[in-house]
Amino acid sequence: MATLALSAAGAAIGGAVLPNIGALGATITGAAIGRAAGALAGRYIDQALFAPSGQERVVEGPRLDDLHLLSSGEGAPIPRLWGRARLGGQVIWGPPFEEQVVTSSAGGSGGGKATQSSSGGGTRRDYRYFSSFAVGLCEGPIARIGRVWADGKELDLSTLTYRVHPGVQDQSADPLIVAHEGAENAPAYRGLAYIVFERVALARFGNRLPQLSFEVFRPLDDFEQRIKAVTVIPAAGEFAYDTAEIIRTAGASERFTENAHTQQGGSDWSVSMDALQASAPALEHASLIVSWFGTDLRADRCEVRPGVEREDKETLPHGWSVQGLSRTAAHVVSQVDGRPAFGGTPADRSVVAALRDLSARGLKATFYPFLMMDVPEGNGLDDPYGSGVQPAYPWRGRITVAPAPGLQGSPDQSAQAAAAVSSFVGTAAVTDFSISGDAVTYSGPAEWSWRRMILHYAHLCKAAGGVDAFLIGSELRGLTWLRDAAGGYPFVDALVALASDVRAVLGPETKITYAADWSEYFGHQPSDGSGDVAFHLDPLWSSPDIDAVGIDCYWPLADWRDGEGHADRLAGYISTYDLG
């Protein structure tokens, strides 16, 4: 009835106010336009008011007649990429979109998502759309993709199911394409790097495929493919090595991530390691560096402690703990411009997770306990080298006695030097540590010493399932050069004993060494005018518990000099960047 009434009313109004329109050789009158619009409105009212008895009123939500995919031009050129670039890509495959019908109550109760109609109750049908598709990127092989943008905004890839095909010549067809097209009709797109997305919800993109762009990495040469080992830093960062996301709470409702700062899915550790292995497929070995903090350049006053960025931080689902200690028992690192000068010591749980993840990835691991000197600007500590106040954040190789060897009044070559070394090394024993599950606790002397740090990590590596190699120290030149009253080297003796203890914890399969600074590994040449040369590390290198002579150094990539008079410049090479 409403259809008839509104149809007549629409015709009258349309004839009065709408013009006649000529189209395709015919004339459409204003009355006809009004009649059609009125009839359409009337049908909706009739459906609401006069639905057949016993039948539920049905309200249809918006529905797509067609899905407009991203354009895909036949014969479009395939880009070539060197290095890193942002590419748009071409849609190379896409089956019909998937329609999902969702029904909900449309009654007068106001529940659900339905648009209110009449008080008679009924059902609303809404339609959701999903699309699977493949996007060709560039000529392969690529190393990986990084970020992905949709309509100019970065996508959270952790919410999507996707696969990247690098574009090698022997790549297989994608399983989703095979499932839709059949194995005999599914191309592998060999030589083409492409990405396949599965069942992407289109509602947030206006029920269409968004305009996508991709950060693509393609090596310039085979350098990355030749990398066999890497060092993993930053060594500091309370949860930097955790494989799970850790959330910091701030008040009742605020939440901040501690270790997930990309939208590529997963913690920073997981994303970084995925990227590393994609870029360096021949990788075999990783050295994991974990730091505690030294507090003074004077050996007898230097504590070696785990540190945190803040004492009052609260995190979920796990709190920070090292050696069973909570935040309140840890050293709080100094600040620069109101911010922590370092990240805190990685939590034990994070370290165990990282070591197990390296093993699961098929990588061998070297564990590298590292000492950072948290001696801030304006520290007020006497400098053993005679410069007044200790310099800010000095090198650990400068830990020594006060005054330092070579200065007047130095205790070097005396019992006092041996006592200072003993204070730094400590007396923590293997039996002072215990393993419970993934945790290590300590019940020894109340000291913050070198032995406490090293033996803690030997036990933690054991709890994680073991490591392939373990360092008992690195670049402690100022200590290994100190001599006792008999001319011996007490810190070297301490390293020999420590290597034996670490061997007892980790067993014969783990390689053990000390990473000597390049200036100390070959011997000690004291600057006292004696002309002596002592091969002071020989007792360490010859120890049955040491598996290699270790050298920590930073080689230059080229023998280049400043100025214009050196041989390379005279030969016509203008820059250190000239491969010749």
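The values are calculated or read from the model by the stated rules, or taken from the named source; none is laboratory data. Computed from a predicted structure; not experimentally measured. Quick reminder, even Gly has a Cβ in these numbers, built from the backbone with ideal geometry, and neighbours come from all protein chains shown. Each accessible area value is taken on the protein alone, full model and side chains, heavy atoms only, with ligands, DNA and RNA left out. Shrake-Rupley method; radii C 1.70, N 1.55, O 1.52, S 1.80 Å.
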If we ask which residues in the range 207-236 are modelled with pLDDT of 90 or more and at positive phi, their number turns out to be 1
Inside the range 67-84, can you point out the residues that are modelled with pLDDT of 60 or more, of a type in the set (A, V, I, L, M, F, W, C) and loosely packed, with under 14 Cβ neighbours inside 10 Å? Ala76, Trp82
Restricting attention to the range 223-258, which residues are assigned to a loop (DSSP other than H, G, I, E, B) and free of Cβ contacts under 8 Å to residues at least 24 places away in the same chain? Phe223, Glu245, Gly251, Ala252, Ser253
Residue under question is Ser527, and the condition is that it be open to solvent by 30 Å² or more (accessible area, probe 1.4 Å), polar (S, T, N, Q) and modelled with pLDDT under 90; does it hold? yes
Out of all the residues in the range 336-358, is one or more in contact with a Ser or Thr (Cβ under 7 Å, 6 or more places away or on another chain), over 25 Å from Leu276 (Cβ atoms), in contact (Cβ under 8 Å) with a residue 60 or more places away in the chain and of a type outside the set (A, V, I, L, M, F, W, C)? no
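For (1) assigned to a strand (DSSP E or B); (2) within 24 Å of Val232 (Cβ to Cβ); (3) modelled with pLDDT under 95; (4) among the hydrophobic types (A, V, I, L, M, F, W, C), each residue gets a yes or a no:
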| residue | (1), (2), (3), (4) |
| --- | --- |
| Ala282 | no, yes, yes, yes |
| Glu311 | no, no, yes, no |
| Ser350 | no, yes, no, no |
| Ala353 | no, yes, no, yes |
| Thr366 | yes, yes, no, no |
| Pro369 | yes, yes, no, no |
| Met372 | yes, yes, no, yes |
| Pro376 | no, no, no, no |
| Pro384 | no, no, no, no |
Take the residues in the range 191-217 that are touching a residue at least 40 places away in the same chain (Cβ under 8 Å) and part of a loop (DSSP other than H, G, I, E, B), then tell me which one is most open to solvent (accessible area, probe 1.4 Å). Gln211
Filtering the range 231-254 for residues that are out of contact with any Gly (no Cβ under 8 Å at 6 or more places or on another chain), open to solvent by less than 70 Å² (accessible area, probe 1.4 Å) and acidic (Asp, Glu) leaves a count of 1
Can you find, within the range 334-352, the residue that is nearest to the chain's Cα centre (by Cα) among those that are over 22 Å from Thr249 (Cβ atoms) and not small (Gly, Ala, Ser)? Val351
Residue list for the range 295-314, filter: touching an Asp or Glu at 6+ places or on another chain (Cβ under 6 Å) and either open to solvent by less than 30 Å² (accessible area, probe 1.4 Å) or among the basic types (Lys, Arg) (or both): Cys302
Within the range 313-333, track down each residue that is within 25 Å of the chain's Cα centre (by Cα), in a loop (DSSP other than H, G, I, E, B) and touching a residue at least 40 places away in the same chain (Cβ under 8 Å). Lys313, Pro317, His318, Trp320, Ser321, Gln323, Val333
Hits in the range 379-427 - residues which are surrounded by 17 or more Cβ atoms within 10 Å (Cβ to Cβ) and among the β-branched types (Val, Ile, Thr): Ile399, Thr400, Val401, Val421, Val425
Scanning the range 146-184 for residues that are more than 22 Å from Leu202 (Cα to Cα) and among the aliphatic types (A, V, I, L, M), which turns out surrounded by the fewest Cβ atoms within 10 Å (Cβ to Cβ)? Ala183
In the range 279-294, the residues that are open to solvent by 40 Å² or more (accessible area, probe 1.4 Å) and either within 9 Å of the chain's Cα centre (by Cα) or of a type outside the set (D, E, K, R) (or both): Pro281, His285
Name the residue that is nearest to Ser131 (Cα to Cα), counting only residues in the range 147-190 that are in a helix (DSSP H, G or I) and acidic (Asp, Glu). Glu181
Taking the range 429-453, which residues are open to solvent by 30 Å² or more (accessible area, probe 1.4 Å), assigned to a strand (DSSP E or B), β-branched (Val, Ile, Thr) and closer than 16 Å to Leu506 by Cα? Ile435
Filter the range 473-518 down to residues that are open to solvent by 10 Å² or more (accessible area, probe 1.4 Å) and under 16 Å from Leu455 (Cβ atoms), then give me how many there are. 10
